[in-house]
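Novice: Shown below is the structure under consideration.
The values are calculated or read from the model by the stated rules, or taken from the named source; none is laboratory data. Worth saying up front: this structure is predicted, and the values here are computed from it rather than measured. Positions of Cβ are generated from backbone atoms using ideal geometry, with glycine treated the same way; all protein chains shown enter the neighbour counts.
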Amino acid sequence: MSQRKKQRTSRKCSEKSDMFDGLPDDLVLYILSKLASSAASPPDFINILLTCKRLNNLAVHPLVLSKVGSKVFAVKARNWCDSVHRLLKQCVKAGNVEACYTLGMILFYCLQNRGSGASLMAKAAIKSHAPALYSLAVIQFNGSGGSKKDKDLRAGVALCARAAFLGHVDALRELGHCLQDGYGVCQHVAQGRRLLIQANARELVASLNALVQRKAQQQHHRHLNYQYYNLKTGSSCPLLSDFGCNVPAPEVHPVNSFLREWFESEGAELAQGLRLCSHEGCGRPETRAHEFRRCSVCGTVNYCSRSCQALDWKLRHKMECVPMERWLEEVGNGNGNGNGNGNGIGDGGVGEMEEVAEAEELAI
């Protein structure tokens with residue numbers, strides 16, 4: 001009888017004991033850091049906090065928070081709350097560069113805390129974060145958060161050059177247009193076109209690499225056939241079609257998607273007279289009326305940068321752009337009154353918008 005009781009008690013103890021509890025904290029922190037940096041969505045990381053008390057405590061360790069990747073911060077604008085804001089602040093405090101950039105963009109554009117937002121983006125830029133450098137360049141080019149007199153074209157070019165050196169494609173494209181137009185820098189058409197070709201080549205390589213990785217992750221032939229069908233019939237990137245390729249459009253940074261969702265939601269509308277950048281992959285709003293450049297042909301779209309204008313021209317606007325005179329003529333014929341001049345040009349001096357698009361075509 002005593003032996004049977006001992007066996008039963010030993011079985012109960014073995015069932016209750018957890019091998020995970022025996023792992024040292026250093027090893028668990030290492031595992032959590034790897035998971036935080038490779039998580040594909042916010043729930044992949046947030047669910048760790050809900051697993052148990054030990055993981056909840058270790059997941060908010062500075063070592064783990066400093067490794068959290070950008071996809072963990074890819075929350076929907078409708079899900080923005082104090083807890084998400086608090087998590088971003090904790091990651092910033094832990095030295096997470098991606099958190100500095102994400103929270104900086106949200107503060108600057110969404111919550112209109114310009115000083116704190118620019119400060120956080122500058123903190124990320126100092127640590128060679130290419131998207132932060134490019135975003136600060138766009139702010140300098142437009143004088144965002146201030147008046148037209150606050151533009152600093154030379155500072156914008158310098159920030160763009162640094163981001164381009166780090167491999168940021170949009171910054172490289174922007175720098176190419178600046179050199180072509182002599183915008184904030186001495187004009188050098190040949191050098192500008194060379195940079196535009198490099199930007200398109202880098203985007204091609206990045207898109208093809210992403211496509212190869214996506215194919216490698218498929219486990220069944222059915223999935224491969226489905227992806228091949230989507231590649232042939234689904235959304236593609238016309239910007240790269242000039243190279244004879246038809247690959248999916250590049251992935252949009254999570255914070256840009258957040259900005260667009262935020263300002264397109266019902267509870268956070270833009271002030272009267274302000275508009276979003278017309279490039280779907282941007283999401284930046286105007287901080288004052290007529291801040292962005294508008295298309296000199298149709299006047300119905302506006303862009304925060306030459307890079308966004310060139311991308312949107314290739315992706316969409318080339319098929320939709322209608323000369324303003326023709327548009328006014330159609331409106332006049334429909335309403336019975338065709339009086340109006342409608343130049344549609346803001347303070348950005350957009351007479352060169354068509355020239356930018358043509359230069360982009362020539363470069364590729």
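Novice: Name the single residue that is farthest from the chain's Cα centre (by Cα) among those in the range 145-167 being farther than 16 Å from ALA122 by Cβ and not charged (D, E, K, R).
Specialist: Among residues in the range 145-167 that are farther than 16 Å from ALA122 by Cβ and not charged (D, E, K, R), the one farthest from the chain's Cα centre (by Cα) is SER147.
Novice: Would you list the helices (runs of 4 or more DSSP H) that sit entirely within the range 273-364 and hold 3 or more residues that are modelled with pLDDT of 60 or more and surrounded by 15 or more Cβ atoms within 10 Å (Cβ to Cβ)?
Specialist: Ranges flagged: 306-312.
Novice: Please count how many residues of the range 53-87 are in contact (Cβ under 8 Å) with a residue 24 or more places away in the chain, surrounded by 15 or more Cβ atoms within 10 Å (Cβ to Cβ) and assigned to a helix (DSSP H, G or I).
Specialist: Within the range 53-87, residues that are in contact (Cβ under 8 Å) with a residue 24 or more places away in the chain, surrounded by 15 or more Cβ atoms within 10 Å (Cβ to Cβ) and assigned to a helix (DSSP H, G or I) number 11.
Novice: Looking only at the range 129-167, which residues are farther than 19 Å from CYS277 by Cα and not in a helix (DSSP H, G or I)?
Specialist: HIS129, ASP152, LEU166, GLY167
Novice: Looking only at the range 88-104, count how many residues are buried (at least 23 other Cβ atoms within 10 Å of the Cβ) and assigned to a helix (DSSP H, G or I).
Specialist: 9
Novice: Against the conditions (1) more than 24 Å from GLU269 (Cβ to Cβ); (2) crowded, with 17+ Cβ neighbours inside 10 Å, where does ILE126 fall short? Just the number, please.
Specialist: Checking ILE126 against (1) more than 24 Å from GLU269 (Cβ to Cβ); (2) crowded, with 17+ Cβ neighbours inside 10 Å, the one that fails is (2).
Novice: Among the residues of the range 71-83, what is the count of those that are over 17 Å from the mean Cα position of the chain (by Cα) and farther than 14 Å from SER41 by Cα? Steps first, please.
Specialist: Initially, the range 71-83 is screened for residues over 17 Å from the mean Cα position of the chain (by Cα), giving 78-83.
Next, only the ones that are farther than 14 Å from SER41 by Cα stay: 78, 80-83.
Going through the range 71-83 one residue at a time, the tally reaches 5.
Novice: I'd like the residue in the range 147-174 that is among the small types (Gly, Ala, Ser) and without any contact (Cβ under 8 Å) to a residue 40 or more places away in the chain and, out of all such residues, is surrounded by the fewest Cβ atoms within 10 Å (Cβ to Cβ).
Specialist: Taking the candidates together, the pick is GLY167.
Novice: Also, quick follow-up: When the residues of the range 168-205 are narrowed to those that are over 12 Å from ALA137 (Cβ atoms) and of a type in the set (Gly, Ala, Ser), which ends up farthest from the chain's Cα centre (by Cα)?
Specialist: Looking at the filtered set, the residue picked out is ALA190.
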